[in-house]
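**Student:** I have a structure here, written as C-alpha coordinates, and I will follow up with some questions on it.
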Amino acid sequence: MMKNIKSTNTIKLLALLFISSLAFVGCSSDDDGHHDDHDHEEELITTVRYTLTNGTDIVTLEFQDLDGEGGADGTYDVSGPLTANTTYTGAIKLLNETENPADDITLEVEDEGDDHEFFYTSTISDITISKDDIDEDGNPIGIATTFVTGDAGTGSLTIELIHEPTKPNDGTSINAGGSTDVEVTFPIQVQ
(Lines give C-alpha, C1' and ligand atoms only; values in the text may rest on other atoms or scores of the structure.)
Protein backbone atom coordinates (compact mmCIF):
# COMPACT_ATOMS: atom_id res chain seq x y z
CA MET A 1 0.00 0.00 0.00
CA MET A 2 2.83 2.42 0.88
CA LYS A 3 4.50 1.74 -2.48
CA ASN A 4 1.30 2.70 -4.40
CA ILE A 5 1.03 6.03 -2.54
CA LYS A 6 4.65 6.88 -3.44
CA SER A 7 4.05 5.93 -7.08
CA THR A 8 0.87 8.02 -7.21
CA ASN A 9 2.67 11.01 -5.67
CA THR A 10 5.56 10.63 -8.11
CA ILE A 11 3.17 10.53 -11.09
CA LYS A 12 1.35 13.64 -9.80
CA LEU A 13 4.67 15.46 -9.31
CA LEU A 14 5.88 14.55 -12.82
CA ALA A 15 2.56 15.66 -14.33
CA LEU A 16 2.78 18.98 -12.47
CA LEU A 17 6.38 19.54 -13.63
CA PHE A 18 5.38 18.73 -17.23
CA ILE A 19 2.48 21.20 -17.15
CA SER A 20 4.71 23.86 -15.53
CA SER A 21 7.35 23.43 -18.22
CA LEU A 22 4.72 23.87 -20.94
CA ALA A 23 3.51 27.08 -19.30
CA PHE A 24 7.11 28.36 -19.07
CA VAL A 25 7.78 27.68 -22.75
CA GLY A 26 4.47 29.26 -23.77
CA CYS A 27 5.24 32.47 -21.87
CA SER A 28 8.78 32.98 -23.12
CA SER A 29 9.60 36.48 -24.34
CA ASP A 30 10.85 37.38 -27.77
CA ASP A 31 14.48 38.46 -27.41
CA ASP A 32 14.57 40.74 -30.44
CA GLY A 33 12.71 43.53 -28.60
CA HIS A 34 9.35 42.91 -30.26
CA HIS A 35 6.49 41.74 -28.11
CA ASP A 36 3.85 39.75 -29.96
CA ASP A 37 1.59 39.33 -26.93
CA HIS A 38 -0.02 42.75 -27.25
CA ASP A 39 -1.31 44.99 -30.01
CA HIS A 40 0.84 48.06 -29.70
CA GLU A 41 3.34 49.42 -32.14
CA GLU A 42 6.65 49.44 -30.31
CA GLU A 43 8.46 52.75 -30.64
CA LEU A 44 12.23 52.99 -30.83
CA ILE A 45 13.54 54.46 -27.57
CA THR A 46 17.08 55.75 -28.03
CA THR A 47 17.25 57.97 -24.95
CA VAL A 48 16.05 57.69 -21.36
CA ARG A 49 16.53 60.90 -19.35
CA TYR A 50 15.55 61.08 -15.66
CA THR A 51 15.93 64.59 -14.21
CA LEU A 52 15.88 65.13 -10.44
CA THR A 53 15.42 68.73 -9.28
CA ASN A 54 15.60 70.47 -5.91
CA GLY A 55 15.95 74.20 -6.57
CA THR A 56 19.37 74.66 -8.19
CA ASP A 57 20.42 71.10 -7.26
CA ILE A 58 19.71 69.27 -10.54
CA VAL A 59 20.93 65.73 -11.25
CA THR A 60 20.35 64.15 -14.65
CA LEU A 61 20.65 60.43 -15.35
CA GLU A 62 20.75 59.68 -19.07
CA PHE A 63 21.04 56.54 -21.15
CA GLN A 64 21.54 56.97 -24.88
CA ASP A 65 21.82 54.37 -27.66
CA LEU A 66 21.36 56.19 -30.95
CA ASP A 67 21.83 53.13 -33.17
CA GLY A 68 19.41 50.94 -31.16
CA GLU A 69 19.88 47.31 -30.16
CA GLY A 70 22.59 45.34 -31.89
CA GLY A 71 24.94 48.21 -32.73
CA ALA A 72 27.36 50.00 -30.47
CA ASP A 73 26.73 49.82 -26.74
CA GLY A 74 24.66 52.61 -25.25
CA THR A 75 26.19 55.18 -22.92
CA TYR A 76 25.24 56.05 -19.36
CA ASP A 77 25.79 59.51 -17.93
CA VAL A 78 25.03 60.72 -14.41
CA SER A 79 25.64 64.47 -14.04
CA GLY A 80 26.69 64.27 -10.39
CA PRO A 81 25.90 62.97 -6.91
CA LEU A 82 22.58 63.37 -5.14
CA THR A 83 22.44 65.33 -1.90
CA ALA A 84 21.72 63.35 1.28
CA ASN A 85 18.41 63.89 3.10
CA THR A 86 16.88 65.80 0.18
CA THR A 87 13.56 65.67 -1.66
CA TYR A 88 13.78 65.92 -5.45
CA THR A 89 11.05 66.34 -8.04
CA GLY A 90 11.64 63.72 -10.72
CA ALA A 91 10.61 63.71 -14.37
CA ILE A 92 11.41 61.03 -16.93
CA LYS A 93 11.60 61.57 -20.67
CA LEU A 94 11.85 58.93 -23.39
CA LEU A 95 13.04 60.00 -26.83
CA ASN A 96 13.59 58.56 -30.28
CA GLU A 97 16.50 60.70 -31.43
CA THR A 98 16.78 58.98 -34.80
CA GLU A 99 13.95 61.33 -35.82
CA ASN A 100 14.53 65.01 -36.54
CA PRO A 101 13.19 66.64 -34.44
CA ALA A 102 13.39 63.94 -31.77
CA ASP A 103 10.13 62.06 -31.17
CA ASP A 104 8.99 62.39 -27.52
CA ILE A 105 7.81 58.86 -26.68
CA THR A 106 6.87 60.05 -23.17
CA LEU A 107 3.73 61.67 -24.63
CA GLU A 108 2.56 58.31 -26.00
CA VAL A 109 3.23 56.61 -22.66
CA GLU A 110 1.20 59.32 -20.92
CA ASP A 111 -1.65 59.02 -23.45
CA GLU A 112 -1.69 55.25 -22.96
CA GLY A 113 -1.13 55.48 -19.20
CA ASP A 114 -3.50 52.62 -18.39
CA ASP A 115 -1.20 50.34 -20.47
CA HIS A 116 2.12 51.56 -19.00
CA GLU A 117 3.90 51.99 -15.69
CA PHE A 118 7.43 52.98 -14.71
CA PHE A 119 9.13 51.10 -11.89
CA TYR A 120 12.08 52.53 -9.95
CA THR A 121 14.33 50.28 -7.86
CA SER A 122 17.38 51.45 -5.92
CA THR A 123 19.97 49.33 -4.16
CA ILE A 124 20.42 52.19 -1.67
CA SER A 125 17.89 51.39 1.05
CA ASP A 126 17.45 55.02 2.23
CA ILE A 127 15.99 56.14 -1.12
CA THR A 128 12.21 56.26 -1.55
CA ILE A 129 10.51 57.04 -4.83
CA SER A 130 6.80 57.73 -5.19
CA LYS A 131 4.86 58.05 -8.44
CA ASP A 132 2.97 61.34 -8.65
CA ASP A 133 0.86 60.87 -11.78
CA ILE A 134 -2.04 58.51 -12.43
CA ASP A 135 -3.87 56.96 -15.36
CA GLU A 136 -7.60 57.30 -16.09
CA ASP A 137 -8.33 54.49 -13.59
CA GLY A 138 -6.42 56.15 -10.75
CA ASN A 139 -3.37 53.84 -10.96
CA PRO A 140 0.21 55.20 -11.00
CA ILE A 141 2.18 55.80 -14.21
CA GLY A 142 5.50 57.14 -12.85
CA ILE A 143 6.46 59.83 -15.38
CA ALA A 144 6.38 62.36 -12.51
CA THR A 145 7.96 61.27 -9.22
CA THR A 146 9.06 62.41 -5.81
CA PHE A 147 12.57 61.11 -5.08
CA VAL A 148 13.74 61.28 -1.45
CA THR A 149 17.31 60.52 -0.38
CA GLY A 150 18.43 59.48 3.09
CA ASP A 151 21.97 59.05 4.35
CA ALA A 152 25.04 59.00 2.12
CA GLY A 153 25.60 55.85 0.10
CA THR A 154 26.59 54.36 -3.24
CA GLY A 155 24.56 51.95 -5.35
CA SER A 156 22.35 51.83 -8.41
CA LEU A 157 18.96 52.90 -9.69
CA THR A 158 17.06 50.72 -12.17
CA ILE A 159 14.25 52.25 -14.21
CA GLU A 160 11.83 49.98 -16.07
CA LEU A 161 8.88 50.81 -18.28
CA ILE A 162 6.41 47.93 -18.34
CA HIS A 163 3.75 47.64 -21.05
CA GLU A 164 0.40 46.18 -19.99
CA PRO A 165 1.28 45.61 -16.33
CA THR A 166 -1.31 44.29 -13.92
CA LYS A 167 -2.88 47.36 -12.32
CA PRO A 168 -3.10 47.86 -9.44
CA ASN A 169 0.07 46.00 -8.42
CA ASP A 170 2.42 45.87 -5.45
CA GLY A 171 4.71 48.56 -6.86
CA THR A 172 7.40 46.16 -8.08
CA SER A 173 8.03 45.16 -11.67
CA ILE A 174 8.67 41.56 -10.58
CA ASN A 175 5.00 41.02 -9.79
CA ALA A 176 3.49 43.41 -12.35
CA GLY A 177 3.47 41.08 -15.35
CA GLY A 178 3.37 42.68 -18.80
CA SER A 179 6.40 43.13 -21.03
CA THR A 180 9.44 45.36 -20.66
CA ASP A 181 9.59 48.31 -23.09
CA VAL A 182 12.82 49.68 -21.59
CA GLU A 183 15.11 48.87 -18.65
CA VAL A 184 18.23 50.83 -17.68
CA THR A 185 20.43 50.80 -14.55
CA PHE A 186 22.44 53.82 -13.45
CA PRO A 187 25.25 54.00 -10.86
CA ILE A 188 24.25 56.60 -8.28
CA GLN A 189 25.89 58.25 -5.30
CA VAL A 190 24.29 60.11 -2.38
CA GLN A 191 26.62 62.40 -0.40
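The values are calculated or read from the model by the stated rules, or taken from the named source; none is laboratory data. Every value quoted in this text rests on a predicted model; they were computed, and no experiment measured them. With ligands, DNA and RNA removed, areas are computed over all heavy atoms of the protein, side chains included. Shrake-Rupley method; radii C 1.70, N 1.55, O 1.52, S 1.80 Å.
**Student:** For region 47-190, give the percent of accessible area contributed by carbon and sulfur heavy atoms, probe 1.4 Å, rounded to a whole number. Numbers along the way, then the final one.
**Tutor:** On the way: 3200 of 6970 Å².
Carbon and sulfur together cover 46 percent of it.
**Student:** Region 47-190: D in µm²/s via Stokes-Einstein (Kirkwood Rh, Cα pairs, 4 °C, 1.567 mPa s)?
**Tutor:** Values: Rh = 15.7 Å.
For the chosen part, D equals 83 µm²/s.
**Student:** Short version: ³J(HN,Hα) in whole Hz for each residue of region 177-186, in order, from phi by Karplus 6.51 cos²θ - 1.76 cosθ + 1.60 (θ = phi - 60°), x for Gly and Pro, what are they?
**Tutor:** So the J values, rounded to whole Hz, are x, x, 10, 7, 7, 7, 8, 9, 10, 10.
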